[in-house]
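Student: One structure, pasted below without further comment.
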């Protein structure tokens with residue numbers, strides 16, 4: 001079992017990735033947090049030990065014209081690709097959604113709905129609360 005960053009560092013980094021992605025959007029974009037949470041890492045594809053945590057932030061972005069969502073998503077994709085992210089899933093054109101992962105294991109997703117919702121999500125990889133496993 002190897003050391004990780006701490007949960008506090010993961011929380012800081014997801015917020016930082018969120019702020020960087022938000023800066024790609026027009027200045028009038030107004031974020032509203034809909035979820036900021038740390039929870040148990042139960043990712044079955046991770047194959048890692050239990051007891052680690054994931055931190056996540058979800059923000060609904062307001063004040064962007066609905067008809068320009070595809071352009072904003074393309075802008076975010078370009079920024080992500082220029083900043084060491086790779087595309088994990090691109091549901092366009094069926095859905096306006098793209099999911100990416102950075103070389104450091106942090107993930108981001110944008111989901112836009114035809115109902116006018118534009119949601120930006122950032123999540124950490126599984127990390128130990130204090131950076132190392134708790135002694136048994």
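Student: Please determine whether any residue of the stretch 82-97 is surrounded by 13 or more Cβ atoms within 10 Å (Cβ to Cβ), in a loop (DSSP other than H, G, I, E, B) and under 14 Å from the mean Cα position of the chain (by Cα).
Tutor: Yes: the stretch 82-97 contains one or more residues that are surrounded by 13 or more Cβ atoms within 10 Å (Cβ to Cβ), in a loop (DSSP other than H, G, I, E, B) and under 14 Å from the mean Cα position of the chain (by Cα).
A quick yes/no check of all residues on (1) in a strand (DSSP E or B); (2) surrounded by fewer than 18 Cβ atoms within 10 Å (Cβ to Cβ); (3) over 15 Å from the mean Cα position of the chain (by Cα); (4) on the phi < 0 side of the Ramachandran plot:
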{"residue": "38", "(1), (2), (3), (4)": "yes, yes, no, yes"}
{"residue": "69", "(1), (2), (3), (4)": "no, no, yes, yes"}
{"residue": "108", "(1), (2), (3), (4)": "yes, no, no, yes"}
{"residue": "111", "(1), (2), (3), (4)": "yes, no, no, yes"}
{"residue": "132", "(1), (2), (3), (4)": "no, yes, yes, yes"}
{"residue": "135", "(1), (2), (3), (4)": "no, yes, yes, yes"}
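Student: Give me the pairs: first residue in the stretch 4-22 and free of Cβ contacts under 8 Å to residues at least 40 places away in the same chain and on the phi > 0 side of the Ramachandran plot, second residue surrounded by 19 or more Cβ atoms within 10 Å (Cβ to Cβ) and not in a helix (DSSP H, G or I), beta-carbon distance under 7 Å, and six or more apart or on different chains, which are they?
Tutor: Every condition considered, no pair remains.
Student: Regarding residue 17, is this residue touching a strand residue (DSSP E or B) at 6+ places or on another chain (Cβ under 9 Å), over 30 Å from residue 135 (Cβ atoms) and at pLDDT 95 or above?
Tutor: Taking the combined requirement at face value, the residue satisfies it.
Student: Is it true that residue 77 is closer than 16 Å to residue 24 by Cα and either without any contact (Cβ under 8 Å) to a residue 12 or more places away in the chain or assigned to a loop (DSSP other than H, G, I, E, B) (or both)?
Tutor: no
Student: Look through 122, 27 and report the one residue that is free of Cβ contacts under 8 Å to residues at least 12 places away in the same chain and closer than 20 Å to residue 15 by Cβ.
Tutor: On inspection, the qualifying residue turns out to be 27.
Student: Could you check, for the stretch 51-59, whether at least one of its residues is in contact with a strand residue (DSSP E or B) (Cβ under 9 Å, 6 or more places away or on another chain) and free of Cβ contacts under 8 Å to residues at least 60 places away in the same chain?
Tutor: no
Student: Test residue 82 against the stated conditions and say whether it is at positive phi and modelled with pLDDT of 95 or more.
Tutor: no
The values are calculated or read from the model by the stated rules, or taken from the named source; none is laboratory data. Everything quoted here is computed from the prediction, not taken from an experiment. Glycine also receives a Cβ, built like all others from the backbone with ideal geometry; neighbour counts cover every protein chain displayed.
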